[in-house]
Amino acid sequence: MEENKDVTIYDIAEKLKLATSTISRALKDHPSISEKTIKKVKKTAEEMGYVPNTLAAGLRGNKTQTIGVLIPTVTQPFLSSLISGIEITAQKSGYNVIIMQSNDSYEAEVSMAKSLYGSRVSGVICSLAMKTTDTSHFEQFVSNNIPLVFVDRVPKDFNTFRVIIDNYAAGYKATQHLVDQGCKRIGHLTAGSKFGNLYTERMRGYLDALKKNNLEVDEKLIVDLKTVTYEEGVKASNKLLELKPPPDGIFASGDIMAVSAIQSAKKRGFRVPEDIAVIGFNNDPISEIIDPNLSTITHPAAKMGQMSAEIILKNIKLKSSKKDEVKEITFLNTEVLVRESSKRN
């Protein structure tokens, strides 16, 4: 049996006894081709099952109608929602999306950035790997006028677009909420010393909220996780719960950490929120499943994805001279979502 093969303009040209250049122009409604020939070519192409090779066309024009998305993982609910926002926005404008996962590896991120550049993507959206400190591998996009947007996990010093929340304000609001519930000794679960400014900004908000309310800053109440996982969250939570006295409130800079804090506290006989009030960060789906339901900080992931894609699409259309201007930072708002795990009043 003969294998099916893609129909090309050469096949159409052979059938109609026309030059391939004529077929190509007819398919693009070129004014040099008569309307009669255009209709004939398009009808034959449809009958033969011809599908335009948009990738090849894009490569000839040095663009592929494709946006590259480089993220740590697709398994985190926040990043899944972020991708959804990007894809919906890109598809509405006729762009495809290539998704690559660094799995928080700097080496993988460097390799994937090179691959995206080699694929001639029209723009790049990136949330940095946890271990990335050197971002020079992104210079290839900026220097070649390929729009680049960092989202959520962003570098401190890189002149390009950034879409983020105000992590400092969010950390402050979360801590202030616990203070408003009567908490005096508030613990904090973080990953700031190892994984960049996203967590350090949340911790800075936590510290300033304590100071503003004249509460003691006790270094023992701040536990730094090695990795942002449930298992590490349990270890960190137990360190807090073993303190004498233990905290009466915990602000975790991620929902998975907060869930581990709730379950660890319950296993030790603490009541949540009566003995220990807990608030997390992100509003992941698990926050509504855990018992008690988890108070958290909303993180507008889909909106962040949408805005990142909109920035890319807008800048694809700009002339290269306009792309040299200083790039803006877009801040999106967060809210305290109060549920059972922290509600005392």
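Please enumerate the residues belonging to the stretch 69-104 that are surrounded by fewer than 19 Cβ atoms within 10 Å (Cβ to Cβ) and small (G, A, S).
S80, S84, S93, G94
Just give me the residues in the stretch 23-42 being at pLDDT 90 or above, surrounded by 14 or more Cβ atoms within 10 Å (Cβ to Cβ) and of a type outside the set (A, V, I, L, M, F, W, C), in sequence order.
Those that are at pLDDT 90 or above, surrounded by 14 or more Cβ atoms within 10 Å (Cβ to Cβ) and of a type outside the set (A, V, I, L, M, F, W, C): T37, K40, K42.
Taking the stretch 143-186 only, how many residues are touching a residue at least 60 places away in the same chain (Cβ under 8 Å), small (G, A, S) and open to solvent by 10 Å² or more (accessible area, probe 1.4 Å)?
The number of residues fulfilling the criteria is 2.
Scan the stretch 285-302 for residues that are closer than 22 Å to N333 by Cα and among the β-branched types (V, I, T) and report the count.
Narrowing the stretch 285-302 to residues closer than 22 Å to N333 by Cα: 285-288, 294-302.
Restricting the remaining residues to those that are among the β-branched types (V, I, T) gives 286, 296-298.
The number of residues fulfilling the criteria is 4.
Enumerate the pairs (first residue in the stretch 273-295 and more than 22 Å from P245 (Cβ to Cβ) and assigned to a loop (DSSP other than H, G, I, E, B); second residue anywhere and among the aromatic types (F, W, Y) and open to solvent by less than 10 Å² (accessible area, probe 1.4 Å)) with beta-carbon separation below 9 Å, excluding pairs fewer than 6 apart on the same chain, so at least 6 apart or on different chains.
G280/F251; F281/F251
Restricted to the stretch 216-232, and to residues that are under 13 Å from G187 (Cβ atoms) and in contact with a Gly (Cβ under 8 Å, 6 or more places away or on another chain), which residue is most open to solvent (accessible area, probe 1.4 Å)?
D224
Which of the residues belonging to the stretch 102-118 are aromatic (F, W, Y) and either touching a residue at least 60 places away in the same chain (Cβ under 8 Å) or farther than 13 Å from N144 by Cβ (or both)?
Let us first name the residues in the stretch 102-118 that are aromatic (F, W, Y), namely 106, 117.
Once the filter is applied, which keeps residues that are aromatic (F, W, Y) and either touching a residue at least 60 places away in the same chain (Cβ under 8 Å) or farther than 13 Å from N144 by Cβ (or both), the stretch 102-118 yields only Y106.
So E87 passes all but one of these: (1) under 30 Å from the mean Cα position of the chain (by Cα); (2) at pLDDT below 90; (3) among the charged types (D, E, K, R). Which condition number does it fail?
Unmet condition: (2).
Okay, residues lined up against (1) of a type outside the set (D, E); (2) within 17 Å of S308 (Cα to Cα); (3) out of contact with any strand residue (DSSP E or B) (no Cβ under 7 Å at 6 or more places or on another chain):
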site	(1), (2), (3)
S93	yes, yes, yes
N96	yes, yes, no
Y106	yes, no, yes
V124	yes, yes, no
M130	yes, no, yes
T133	yes, no, yes
F141	yes, yes, no
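If a residue has to be open to solvent by less than 60 Å² (accessible area, probe 1.4 Å) and either in a loop (DSSP other than H, G, I, E, B) or touching a residue at least 60 places away in the same chain (Cβ under 8 Å) (or both) to count, how many in the stretch 239-251 make the cut?
Narrowing the stretch 239-251 to residues open to solvent by less than 60 Å² (accessible area, probe 1.4 Å): 240-241, 243, 246-251.
Pick out the ones that are also either in a loop (DSSP other than H, G, I, E, B) or touching a residue at least 60 places away in the same chain (Cβ under 8 Å) (or both) and you get 243, 246-251.
Here the count works out to 7.
Does L189 satisfy the condition of being part of a helix (DSSP H, G or I), open to solvent by less than 40 Å² (accessible area, probe 1.4 Å) and either within 30 Å of V154 (Cβ to Cβ) or among the charged types (D, E, K, R) (or both)? If you could, list the steps in order and put the result at the bottom.
On the way: part of a helix (DSSP H, G or I): no; open to solvent by less than 40 Å² (accessible area, probe 1.4 Å): yes; either within 30 Å of V154 (Cβ to Cβ) or among the charged types (D, E, K, R) (or both): yes.
When the stated conditions are applied, L189 does not pass them.
Within the stretch 1-20, identify whether any single residue is hydrophobic (A, V, I, L, M, F, W, C), out of contact with any Cys (no Cβ under 8 Å at 6 or more places or on another chain), modelled with pLDDT under 85 and exposed (fewer than 10 other Cβ atoms within 10 Å of the Cβ), and answer yes or no.
Yes, the stretch 1-20 contains at least one residue that is hydrophobic (A, V, I, L, M, F, W, C), out of contact with any Cys (no Cβ under 8 Å at 6 or more places or on another chain), modelled with pLDDT under 85 and exposed (fewer than 10 other Cβ atoms within 10 Å of the Cβ).
What do you reckon, is A236 part of a helix (DSSP H, G or I), buried (at least 20 other Cβ atoms within 10 Å of the Cβ) and touching a residue at least 40 places away in the same chain (Cβ under 8 Å)? Before the answer, list the steps.
Working: part of a helix (DSSP H, G or I): yes; buried (at least 20 other Cβ atoms within 10 Å of the Cβ): yes; touching a residue at least 40 places away in the same chain (Cβ under 8 Å): yes.
So A236 passes the test.
What residue, among those in the stretch 105-137 that are in contact with a Lys or Arg (Cβ under 6 Å, 6 or more places away or on another chain) and under 30 Å from T190 (Cβ atoms), is most open to solvent (accessible area, probe 1.4 Å)?
The extreme case among them is Y106.
Just one of the numbered conditions (1) open to solvent by 30 Å² or more (accessible area, probe 1.4 Å); (2) in contact with a strand residue (DSSP E or B) (Cβ under 8 Å, 6 or more places away or on another chain); (3) among the β-branched types (V, I, T) is not true of I276; which one?
(1)
The values are calculated or read from the model by the stated rules, or taken from the named source; none is laboratory data. Because the structure is a prediction, the values reported are computed rather than measured. Heads up, the Cβs are rebuilt from the backbone with ideal geometry, glycines too, and the neighbour counts pull from every protein chain shown. The accessibility values were calculated without ligands, DNA or RNA, using every heavy atom of the protein model including side chains. Shrake-Rupley method; radii C 1.70, N 1.55, O 1.52, S 1.80 Å.
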